[in-house]
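Comments concern the structure below.
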Amino acid sequence: MLPRATALPPGASAGPGRPEPPPIGTEEEQPPRGPEPRGRAMERLPPREEAAGPAGEASEEPEGGSRRWGAQHAGARELAELYSPGKRLQEWISVILCFSLICFNFYNLLFYLRLEHTPSIIVGIFAGVITADFLSGLFHWGADTWGSVELPIIGKAFIRPFREHHIDPTAITRHDFIETNGDNCFMTLVPLANMAYKFVSFSPEALYETCPWECYVFALIIFITMTNQIHKWSHTYFGLPRWVIFLQDWHVILPRKHHRIHHVSPHETYFCITTGWLNYPLEKIGFWRCLENMIQGLTGEKPRADDMKWAQKIK
């Protein structure tokens, strides 16, 4: 069990040899003020202050030694080195195919839209956003909580970024567009290809009838594709376009302060990262905790064990 961090009143000294934590708002990994989603998420603070400046690094000096959180953390460096040329190629191919199919499908959707479809389309788009938010939480929870970087294929390709993100939360802000969005583009290729197949093989009458459903699927795909970019913006505190800040402030996409709650160790809550709309209701019903208890009871595996292993790396 790691020792808990002790909260300091404003202006108090952190003690000899320990730097004072920077003020709230300098970086997204500071625990937010105000109501907590539940007591246990805010009670168990890690032995660190996940606060970083513009350079994106956080520091800690635990008992018996020192450790750099952020890009200088031993586990973060090791995880970053696992990003391979093969992975980079997969991301490039995924992004090119994904956006090509999005353009093709969007053009065809516009061709079959009719004014009488308007109410169904509005409902479909809203449902698509909600579904994307839930799926982002489900996938995020699964990759954060279970599995290992050592797993064949999926370990280094898909679980590695989640382990790196908790140790070096601002690493995502240093990723380019391809590395940020490659995996999400990869996940949408099958539904995008299926939609394109319908547009080239179904009759115009059938496409007219199914147009509202395809609008739901298309909205779902768009928001899934953009989820990691939205996640990146929630960790970016400098240089964001005004329209992105506007969408965050009005909670159309994941706000920065809202996402801070997830980054309070042990990272066991607020997993939805597309809009974050479902985080509070899922937390109130204990959705993630129930799933974890069920899986732990069936398998004996402890939630977030691999995540903690990487966080504790010093050398």
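The values are calculated or read from the model by the stated rules, or taken from the named source; none is laboratory data. Please read all numbers here as calculations on a predicted model, not as lab measurements. Positions of Cβ are backbone-derived with ideal geometry, glycine not excepted, and every protein chain shown enters the neighbour counts. Protein only, heavy atoms only, side chains kept; ligands, DNA and RNA dropped before computing areas. Shrake-Rupley method; radii C 1.70, N 1.55, O 1.52, S 1.80 Å.
Quick look at the numbers
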quantity: Glu209 versus Lys309: modelled label distance in nm, points set 7 Å from Cα along the beta carbon direction; calculated: 5.3
quantity: Selection from Met308, Leu192, Ile253 lying farthest towards where the dipole of the range 186-315 points positive, charges on Cβ; calculated: Met308
quantity: Two-site label geometry, Leu138 and Ser201: point separation in nm, points 7 Å out along Cα→Cβ; calculated: 2.5
quantity: Extension reserve of the Asn194-Arg289 stretch, reckoned as 0.36 nm per residue once the Cα distance is removed; calculated: 30.7 nm
quantity: Stretchable slack from Ser84 to Ser100, in nm (0.36 nm times residue separation minus alpha-carbon distance); calculated: 3.3 nm
quantity: Estimated inter-spin distance, Glu301 and Phe246, nm [label 7 Å along Cα→Cβ]; calculated: 4.4
quantity: Residue-span extension gain [Ile153 to Tyr280] - 0.36 nm each, minus C-alpha spacing; calculated: 42.4 nm
quantity: Selected from Leu113, Pro169, Ile154, residue furthest toward positive end of dipole (the range 110-187; charges at beta carbon); calculated: Leu113
quantity: Per residue accessible area of the range 74-312, 1.4 Å probe, in Å²; calculated: 48
quantity: Among 267-274, 188-195, 280-287, 200-207, the order from most to least packed when residues are scored by Cβ within 10 Å on average; calculated: 267-274, 188-195, 280-287, 200-207
quantity: The range 85-212, dipole about Cα centre (Lys/Arg Cβ +1, Asp/Glu Cβ -1), debye to the nearest 20; calculated: 220
quantity: Shape of the range 74-312, Cα gyration tensor, a/c cut at 1.5; calculated: prolate
quantity: The range 74-312 - charge dipole about Cα centre, Lys and Arg +1 at Cβ, Asp and Glu -1, debye rounded to 20; calculated: 420
quantity: Three-way shape call for the range 211-275 based on the alpha-carbon gyration tensor, with the a/c threshold at 1.5; calculated: oblate
quantity: Residue-by-residue Karplus 3J(HN,Hα) for the range 168-185, coefficients 6.51, -1.76, 1.60, Hz, glycine and proline x; calculated: 10, x, 8, 4, 4, 6, 9, 7, 7, 4, 5, 5, 5, 10, x, 5, 5, 4
